[in-house]
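In what follows, a single structure is set out as structure tokens and then discussed.
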There are 2 protein chains.
Amino acid sequence: MEKTATEAIQDYYPDDFAWCYGCGRLNETGHHFRTGWQGEKTVTVYTPEKEHTAVPGFVYGGVIASLIDCHGTGSASLALHRKNGHHVGDGSQPPRFVTASLHVDFMKPTPQGIPLQAVGTIEEIHPKKWKVHIEVFADDMLCARGEVVAVVMPSNFLSGNTEK
Amino acid sequence: MEKTATEAIQDYYPDDFAWCYGCGRLNETGHHFRTGWQGEKTVTVYTPEKEHTAVPGFVYGGVIASLIDCHGTGSASLALHRKNGHHVGDGSQPPRFVTASLHVDFMKPTPQGIPLQAVGTIEEIHPKKWKVHIEVFADDMLCARGEVVAVVMPSNFLSGNTEK
């Protein structure tokens, strides 16, 4: 079932915005989540490390929440990039999103040692605000459902004075 | 503003359930969140590591979600333990909760290098199900609001066949 994203949006984030602990390619110790298209859905595949445990044998919810978070912003970036007439890897820089809200329903204890697959369905709720509905599977078992509202990163984000 | 929890509930979780990447005292590489009472509120203080970045200078949302997650389960454990007539460190093992759902609203970019303080208000919605409302501050700035629904860990949790 594992399908890695061969063309991941995070591979093309501008260098200044590629340090995210979840999905930044330049963050040495981070998770390196990579998100790409799979038809009209988006997918991120990630296998948690051994230490990412909740109780022995099961994945820590904070890592599942992290996967959902970055899958949400990555999916929104994929969608707006496509809407703008681009495709991943065409030489143009994709838009960078930040998370306005994150929701996770934990359905089942998530077994460790299995690649997790986050699958996203994208909904535009405003030109700069996208909602992503996410399901996280371990093999064929639905372990968590998530919802992310992602907004285009304000140009003054680095000043800390954002208004969403 | 930093107030560490001198009597933290996680210090007394049974060994088998003290491996959580977020709050397990036995997880060598985890965050080691520690949650205690502060009057009728609960508090967890945590300073993210340098690598826990979203964009340079600001804290990764997945780590904030993790803090909220474990603060929620820890707060629920504190509350039920107290309701059962115990106090932290009296020699009795506290109940262990799992997260049913997690919600985070990110209000402001969260600056790095500052101890974060998660403050919880607890609501019993069922004898085995507690809701915790959480605010995360960096100094006096409210950076995130969270809500966790935590349920007493089912006795068959380790079999993976839980029903919440």
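The values are calculated or read from the model by the stated rules, or taken from the named source; none is laboratory data. Source: prediction; values computed, not measured. All Cβ positions, glycine included, derive from the backbone under ideal geometry; neighbour counts span all protein chains shown. With ligands, DNA and RNA removed, areas are computed over all heavy atoms of the protein, side chains included. Shrake-Rupley method; radii C 1.70, N 1.55, O 1.52, S 1.80 Å.
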Could you look through the stretch B:28-52, keep only residues that are part of a loop (DSSP other than H, G, I, E, B) and open to solvent by less than 10 Å² (accessible area, probe 1.4 Å), and pick out the one that is nearest to B:C143 (Cα to Cα)? B:H52
Quick one: A:G62 ticks every box in (1) without any contact (Cβ under 8 Å) to a residue 60 or more places away in the chain; (2) in contact with a Phe, Trp or Tyr (Cβ under 7 Å, 6 or more places away or on another chain); (3) on the phi > 0 side of the Ramachandran plot except a single one, so which number is it? (3)
Being touching a helix residue (DSSP H, G or I) at 6+ places or on another chain (Cβ under 8 Å), surrounded by 15 or more Cβ atoms within 10 Å (Cβ to Cβ), among the hydrophobic types (A, V, I, L, M, F, W, C) and over 18 Å from B:T44 (Cβ atoms) is the requirement here; does B:V104 meet it? no
Anything in the stretch A:1-20 that is within 9 Å of another protein chain (Cβ to nearest Cβ), assigned to a loop (DSSP other than H, G, I, E, B) and touching a residue at least 40 places away in the same chain (Cβ under 8 Å)? List them, or say none. A:C20
Right, B:A65: of a type in the set (A, V, I, L, M), crowded, with 17+ Cβ neighbours inside 10 Å and out of contact with any Leu (no Cβ under 7 Å at 6 or more places or on another chain) or not? no
Exactly one of B:S75, B:S155 is among the hydroxyl-bearing types (S, T, Y) and either open to solvent by less than 30 Å² (accessible area, probe 1.4 Å) or closer than 20 Å to A:I64 by Cβ (or both), and that one is B:S75
Of all residues in the stretch A:44-53 being closer than 24 Å to A:T121 by Cα and of a type in the set (V, I, T), the one that is nearest to the other protein chains (Cβ to nearest Cβ): A:T44
Restricting attention to the stretch B:117-140, the residues that are assigned to a strand (DSSP E or B) and either surrounded by fewer than 15 Cβ atoms within 10 Å (Cβ to Cβ) or touching a Pro at 6+ places or on another chain (Cβ under 7 Å) (or both) number exactly 6
Of the numbered conditions (1) open to solvent by 60 Å² or more (accessible area, probe 1.4 Å); (2) in contact (Cβ under 8 Å) with a residue 12 or more places away in the chain, A:G91 satisfies every one except a single condition; which is it? (2)
Consider the stretch A:54-96. How many of its residues are over 21 Å from A:A138 (Cα atoms) and away from chain B (no Cβ under 11 Å)? 20
